[in-house]
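A quick write-up on the structure given underneath.
The values are calculated or read from the model by the stated rules, or taken from the named source; none is laboratory data. Everything numeric in this text was worked out from a predicted model, so none of it was measured. Cβ: placed from backbone, ideal geometry, glycine included. Neighbour counts: every protein chain shown.
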Amino acid sequence: MDRIYMDNAATTAIAPEALSVMLPCFGLTYGNASSIHATGREARQKMEDARRTVAACLGAKANEIYFTSGGSESDNWAIKGAAFANKKKGNHIITSQIEHHAVLHTCEWLEKQGFEVTYLPVDEYGLINPEDVEKAITDQTILISIMAANNEIGTIEPIAEIGKIAKAHKVLFHCDAVQAVGAIPVDVNDWNVDLLSLSGHKFHGPKGVGALYIRTGAKVETFMHGGAQERGRRATTENVPGIVGLAAALYKACSNMEENACKMMMLRDKLINGILEKIPHTRLNGHPFKRLPGNVNVSVRFVEGEALLLRLDLAGISASSGSACTSGSLDPSHVLLAIGLPHEIAHGSLRLSLADTNTEEEVEEVLRVLPEIVTTLRDMSPLYELYLEEEKAK
Ligand SMILES: *Cc1c(COP(=O)(O)O)cnc(C)c1O
């Protein structure tokens, strides 16, 4: 059997439709999209077509889409750009405890620059309460940044409700929608967002390319200074192959969204139910149904997440213990701690994230292999031994 890839929240395989439109951009249409001559104009044409496609998928206008190097840059630009452009109005930013590090570390850096940040807590499912957002707003608040869907536990946040509140209070609203775009419907007007981040490689596009939506009129500083690319707001020669690939992948994902979501939810729920039924002392992390179609995140007591990952890897299964960015560090995930898991349970967590290309056979293989691995690991666990002794004594 081929390897089973269930780490699509970390990155995805590039769609053939995206690759096939990218390849000519490295060859025939290699022009600089800012050049006046025909070679340049041809590249620009492709890039502007891509911009219109991305805008259409988000309910935005083409001139509100700015291409970037990825989700992290979009988050940095949105948050730092909004903070510095509006610092005369106030210095307060509202975000949540479960954001991606591209948001959290940016906010922490801004605190050192004199900004004040409120990190809102979440409930046991990872949901942000819109009332908490409203209560946190002061006359100093200039920006709210809340993610659309969490990359670790898959919880989908009430973005439209938060957007209404932001709009009513005339506070800029940024949404890290990197996990949502291509997976669930995203509309910048339904959501009332002013800024929205997305990343190509999370929806079967290429790596190293993303976009930031900036609503017309939203005050945001330039992030990258230099040439006049991206309407003078983001310098550097445009990554035409990446941009074209991103747009093709997004178009495909949005065209097949319902069908893909149905399939993935079926596989997701089969995995979740199978794990909870077959392996004792497991729990589902994240919301039971307000969750991304492809996200499974479970805690397995008496087992180390890293050990679980290594054994799965040996068995030909690529998974994650949380977010790829924190693997390699031994700190438990900030998201799992924020939903109230004790350290030792947060440590034994596993994320399986699906794509529409995963199959029922693959799910069955995981459900066959995983319980065996857990049994083996628990047999070696002093904590499990202790637990069994305590149970016997009862
Ligand atoms: C992956 C991810 C990012 C970072 O995107 P890159 O393109 O890898 O920089 C940001 N936010 C979320 C929610 C993500 O899942």
Would you point out which residue out of Glu344, Glu304 is surrounded by 15 or more Cβ atoms within 10 Å (Cβ to Cβ), acidic (Asp, Glu) and at pLDDT below 95? Glu304
Criterion (of a type in the set (Lys, Arg) and free of Cβ contacts under 8 Å to residues at least 40 places away in the same chain) met by exactly one of Lys46, Lys87, Lys164, Lys61: Lys164
In segment 285-394, which helices (runs of 4 or more DSSP H) lie fully inside it and hold 3 or more residues that are under 17 Å from the mean Cα position of the chain (by Cα) and on the phi < 0 side of the Ramachandran plot? 334-338
With at negative phi, within 13 Å of the ligand (Cβ to nearest atom) and crowded, with 18+ Cβ neighbours inside 10 Å as the only criterion, which of Ala177, Ala166 stands out? Ala177
Could you check segment 1-15 and list, in sequence order, the residues that are within 15 Å of the ligand (Cβ to nearest atom) and either on the phi > 0 side of the Ramachandran plot or among the hydroxyl-bearing types (Ser, Thr, Tyr) (or both)? Thr11, Thr12
Among the listed residues Lys61, Lys88, identify the single one that is of a type in the set (Lys, Arg) and closer than 19 Å to Gly232 by Cβ. Lys61
Out of the residues in segment 198-210 that are of a type in the set (Gly, Ala, Ser) and within 20 Å of Asn295 (Cα to Cα), state the one that is nearest to the ligand (Cβ to nearest atom). Ser199
Which of the residues spanning segment 1-19 are assigned to a loop (DSSP other than H, G, I, E, B) and modelled with pLDDT of 95 or more? Arg3, Met6, Asn8, Ala9, Ala10, Thr11, Thr12, Ala13, Ile14, Ala15
Residue that is closer than 18 Å to Val220 by Cβ, in contact (Cβ under 8 Å) with a residue 40 or more places away in the chain and not small (Gly, Ala, Ser), where the choices are Ile94, Ile156, Ile137: Ile94
Does Cys262 qualify as being under 22 Å from Gly200 (Cβ atoms), assigned to a helix (DSSP H, G or I) and modelled with pLDDT of 95 or more? no
If I ask for residues that are over 29 Å from the mean Cα position of the chain (by Cα) and buried (at least 17 other Cβ atoms within 10 Å of the Cβ), which ones from segment 1-32 would you list? Thr29, Gly31
Can Gly217 be described as at pLDDT 95 or above, part of a loop (DSSP other than H, G, I, E, B) and at positive phi? yes
Exactly one condition in (1) at pLDDT 95 or above; (2) crowded, with 18+ Cβ neighbours inside 10 Å; (3) more than 19 Å from Lys202 (Cα to Cα) is not met by Ala315; state its number. (2)
Under 7 Å between Cβ atoms, at least 6 apart or on separate chains: pull out the pairs that start in segment 195-209 with a residue that is under 10 Å from Ala249 (Cβ atoms) and end on any residue that is within 7 Å of the ligand (Cβ to nearest atom) and of a type in the set (Phe, Trp, Tyr). none
Give the residues of segment 222-256 that are part of a loop (DSSP other than H, G, I, E, B) and closer than 16 Å to Ser197 by Cβ, sorted by residue number. Phe223, Arg233
